[in-house]
1. Full extension from residue 51 to residue 272: what is 0.36 nm times the residue separation minus their Cα-Cα distance, to one decimal in nm?
2. I'd like the Kirkwood hydrodynamic radius of the range 150-309, using the inverse of the mean 1/r over distinct C-alpha pairs, in Å.
3. Using only the Cα atoms of the range 228-283, what are the Rg and Dmax in Å?
4. Just tell me which lysines come within less than 30 Å, Cα to Cα, of residue 138; anything on the same chain fewer than 8 places away is out.
5. Average projected area of the Cα convex hull of the range 255-316, in nm²?
6. Report, by chain and number, residues whose modeled amide H sits under 5 Å from the one on residue 167, excluding near sequence neighbours (fewer than 5 apart, same chain).
7. Return the long-range amide H neighbours of residue 240 (sequence gap of 5 or more, or a different chain), with a cut-off of under 5 Å between placed amide H atoms.
8. Of the accessible area of the range 245-305, with the probe set at 1.4 angstrom, what percent is carbon plus sulfur?
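The values are calculated or read from the model by the stated rules, or taken from the named source; none is laboratory data. Nothing here was measured: the structure is a model prediction, and the numbers come from that model. Heads up: the accessible areas ignore ligands, DNA and RNA and are worked out on the full protein's heavy atoms, side chains in. Shrake-Rupley method; radii C 1.70, N 1.55, O 1.52, S 1.80 Å.
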Amino acid sequence: MAAPRTCGLWSYCGRGLSRAKRSCGLPGLRSSSLWGPLGARLLSQEKRATETHFGFETVSEEEKGGKVYQVFESVAKKYDVMNDMMSLGIHRVWKDLLLRKMHPLPGTQLLDVAGGTGDIAFRFLNYVQAQHQGKQKKQLRAQQNLSWEEIAKKYQNEEDSLGGSLVMVCDINREMLKVGKQKAFDRGYKAGLAWVLGDAEELPFDDDKFDVYTIAFGIRNVTHIDRALQEAHRVLKPGGRFLCLEFSQVNNPLISRLYDLYSFQVIPVLGEVVAGDWKSYQYLVESIRKFPSQEAFKEMIEDAGFQKVTYESLTSGIVAIHSGFKL
């Protein structure tokens, strides 16, 4: 069967950086004296407004973007290995559950944000291909009067094994995308797959373009989560679905204590031994603790314009899958 042309896009949306720079200005202060008590209070408020967290550390919004980029640039080559070691392989089950919840059909257009190494993309391609092949077999079984020559010809004329599906992997980090592209090449993924360098806070795509938007273990690293959610809403078609797989809050006190012990005492050590990088994995652990609870994140998704927002906690709340629709 002939494969459809592969989309191999490499572009960069730099608008997110310029937007961040503009947000760090001091609007409305030019007409006020910066030397009086009012000016001092305004400056103090502006300073607080432009501060955010990098793990447990307080940094400027501009500084966080650079620090997060360095983390994933550093861990990219060992990212998948460390995921297996840190989660004891359970992250694979969580991602499979995300795909089952999505249940994409042939023809689905998926945008996977922060998906650099391709884990969600490859699962999506496997899933829709299986769906398409199953549909084809049902059609052939229903046509019992076809000869074997006609059946063989029908298979040979099938040009698109994905039924027109496409997954666009968008990530802000070049090194993560390099790893993903190499994995795709090694595993033989060509059709229905594209790679784009872009910012989750200002996506380089038109409005109403995708059927599904996914982000797995990525949104907690975004400086402005509200902007990323608004962008997700913008690029989805009416009726499109938002799905987020992310670490969340454990709802069992005993498991929570054991989880904290493992996270802070074991994971950074694994990072040092396997990836030679203690600090990056210390940040990743801390960033999980700073992420909103399941209910708080649900409200943020609703504030971005999504409806029918629900979530499912997995493994006692260690992770959660949030879902919402653009209606």
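1. So the extension gain works out to 76.7 nm.
2. Values: mean 1/r = 0.0538 Å⁻¹.
Averaging 1/r across every pair of different Cα atoms and inverting gives 18.6 Å.
3. Looking at the range 228-283, its Cα Rg and Dmax stand at 17.3, 47 Å.
4. 95, 101, 153, 154, 190, 237
5. Working: hull surface 21.4 nm².
About 5.3 nm², averaged over all directions.
6. Result for residue 167 returns 110, 193, 194.
7. Correct list: 326.
8. Working: 1770 of 3110 Å².
Looking at the range 245-305 in its full context, I get 57 percent from C and S.
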